[in-house]
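The values are calculated or read from the model by the stated rules, or taken from the named source; none is laboratory data. On a predicted model such as this, the values are computed, not experimentally measured, just so you know. The protein model used for the area step is the full one, side chains on, heavy atoms only, and it has no ligands, DNA or RNA in it. Shrake-Rupley method; radii C 1.70, N 1.55, O 1.52, S 1.80 Å.
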Amino acid sequence: MPRAADDHAVEDHAKGRIISDAPLSRPVPVALRFDPDFQPATVRFVFPGDIEWSFPRALLETGLRAPARRGDIGVWPCGRVQTIVEFHTDDGVAVVQFDTTALLRFLKHTYAVGAPMSAR
């Protein structure tokens, strides 16, 4: 269930799987955040240890349908039900696989709170 603070900020939670050359991938909890009052059109993925990545919401949306990259972040579909998000640092690359439905639900919540107010 998303958390709405002041009816603007959204925080959803998803399980990602860190993909590596190890035989088994590791699940990791990820907080998916959006605050249009703080950074409009920007989503944040927060990993354990307060490791946070911010990037354009449009990159996430585009990457659900076709490979997309901007700077240190890449997003692309992996089959019909998974999405890969790749994070580049000076120390290497982290590749995280998500259920696409969790990311779509998060985007839906961000557009619900980020919708322009109707004219009175």
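Compute, for Ile73, the solvent-accessible surface of its heavy atoms (probe 1.4 Å) with the complete set of protein chains present, and express it in square angstrom to the nearest 10.
10
Relative to the longest principal Cα axis of the chain, at what angle does helix 100-114 sit, 0 to 90 degrees, rounded to 10?
Its long axis makes an angle of about 30 degrees.
Determine the gain in length on full extension of the stretch Ile51-Lys108; use 0.36 nm per residue of separation and subtract their C-alpha separation, reporting nm with one decimal.
Result for the pair: 18.1 nm of gain on full extension.
Note the full-extension length gain between Thr62 and Val95 as 0.36 nm times their separation in residues minus their Cα-Cα distance, in nm to one decimal.
Separation in residues times 0.36 nm, less the Cα-Cα distance, equals 10.1 nm.
What are the semi-axes of the equivalent ellipsoid of the chain, taken as the square roots of 5 times the eigenvalues of the Cα gyration tensor, listed largest first and rounded to whole Å?
For the chain, the ellipsoid semi-axes come out as 25, 15, 14 Å.
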